[in-house]
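Sending over a structure as structure tokens; questions will come in a sec.
The values are calculated or read from the model by the stated rules, or taken from the named source; none is laboratory data. All of these numbers come straight from a predicted model, not from anything done at the bench. All Cβ positions, glycine included, derive from the backbone under ideal geometry; neighbour counts span all protein chains shown.
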């Protein structure tokens with residue numbers, strides 16, 4: 001009887017490991033690793049998914065804007081498309097939406113000038129600002145604030161109640177350049193004199209916060225670090241997903257993911273874009289889209305709001 005229970009536990013452990021490999025690790029093989037270099041990798045615009053928002057007759061006046069599957073589901077992408085349709089009509093330009101897979105792609109395209117603007121995470125903004133002059137334009141205000149958090153989550157049935165109890169467990173990070181999905185938990189570990197390699201048994205990159213939430217909910221990993229904005233959005237719109245997880249730690253607040261522009265964008269377009277974004281909440285049509293995105297409005301923010309992210313990068317040396 002005891003021998004049979006031992007065999008069953010072993011088989012379960014092996015099956016669980018295989019599920020993790022097949023469902024999450026294999027799709028990202030070649031991208032997943034213990035650390036990704038901070039060096040921006042070149043990427044071709046032709047290899048990415050372009051979500052056109054206007055007809056070809058407008059292509060002489062094109063504004064190329066990147067969104068990322070890192071922070072948006074297919075539903076979220078539809079909202080961004082709807083929002084940028086409105087912005088395009090207001091600014092009189094053809095908006096070409098570029099769907100990217102990771103933040104390294106976004107920064108590479110911004111650096112090369114292949115895209116003009118992007119919705120990015122706090123860390124990619126800091127990296128881009130300090131390396132090639134990426135500029136803040138505006139940032140969303142959510143529930144009256146321009147800040148967000150890293151949530152450390154575990155399965156609802158997990159006995160784990162503290163971050164330290166995840167020692168020796170499996171863990172999901174989002175993108176290697178994500179602030180809440182990678183930098184913050186890595187900094188937390190550094191303060192414990194640990195690294196992801198020394199602390200976790202295994203860890204993976206899902207390259208999307210919603211996938212990290214699902215991985216925890218489906219018990220494919222023991223824990224994950226996710227963007228509070230994404231978890232809160234899913235908790236309101238898809239509670240069946242978040243109800244399988246629980247938050248065991250909420251980080252300090254950080255500057256909210258902003259909308260940025262390339263340093264090469266012409267000043268007139270930049271100023272018009274800023275004015276349009278700052279007035280989106282005043283128009284009934286665009287206000288409805290913002291509500292779907294759980295955004296109050298877009299506001300001006302200062303680079304100093306991202307100082308804590310810059311400090312973590314400096315202290316970790318990565």
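Can you work out which of the residues in the range 52-89 that are at pLDDT 90 or above and outside any helix (DSSP H, G or I) is farthest from residue 294 (Cα to Cα)?
That would be 62.
Just one of (1) at pLDDT 95 or above; (2) under 18 Å from residue 120 (Cβ atoms); (3) within 20 Å of the chain's Cα centre (by Cα) trips up residue 233, so point out which.
For residue 233, the failing item is (1).
What's the number of the condition residue 292 fails, among (1) farther than 25 Å from residue 78 by Cα; (2) in contact with a helix residue (DSSP H, G or I) (Cβ under 6 Å, 6 or more places away or on another chain); (3) in the same structural domain as residue 142 (by TED's automatic domain parsing)?
In the conditions (1) farther than 25 Å from residue 78 by Cα; (2) in contact with a helix residue (DSSP H, G or I) (Cβ under 6 Å, 6 or more places away or on another chain); (3) in the same structural domain as residue 142 (by TED's automatic domain parsing), residue 292 misses (1) alone.
Just checking, how many residues over the range 295-318 are in a loop (DSSP other than H, G, I, E, B) and either in contact with a helix residue (DSSP H, G or I) (Cβ under 9 Å, 6 or more places away or on another chain) or surrounded by fewer than 16 Cβ atoms within 10 Å (Cβ to Cβ) (or both)?
Summing the residues that are in a loop (DSSP other than H, G, I, E, B) and either in contact with a helix residue (DSSP H, G or I) (Cβ under 9 Å, 6 or more places away or on another chain) or surrounded by fewer than 16 Cβ atoms within 10 Å (Cβ to Cβ) (or both) in the range 295-318 gives 6.
Could you tell me which of the residues 120, 154 is assigned by TED's automatic domain parsing to the domain that holds residue 177, touching a strand residue (DSSP E or B) at 6+ places or on another chain (Cβ under 9 Å) and surrounded by 22 or more Cβ atoms within 10 Å (Cβ to Cβ)?
When all the criteria are applied, what remains is 154.
Have a look at 215, 190 and point out the one that is in contact with a strand residue (DSSP E or B) (Cβ under 9 Å, 6 or more places away or on another chain) and either more than 23 Å from residue 102 (Cβ to Cβ) or not assigned by TED's automatic domain parsing to the domain that holds residue 83 (or both).
Testing whether each residue is in contact with a strand residue (DSSP E or B) (Cβ under 9 Å, 6 or more places away or on another chain) and either more than 23 Å from residue 102 (Cβ to Cβ) or not assigned by TED's automatic domain parsing to the domain that holds residue 83 (or both) leaves just 215.
Still on this structure, please answer the following. State all residues of the range 256-289 that are under 18 Å from residue 97 (Cβ atoms) and in contact with a strand residue (DSSP E or B) (Cβ under 8 Å, 6 or more places away or on another chain); if no residue qualifies, say none.
Result: 257, 258, 259, 260, 261, 262, 265, 269, 273, 277, 280.
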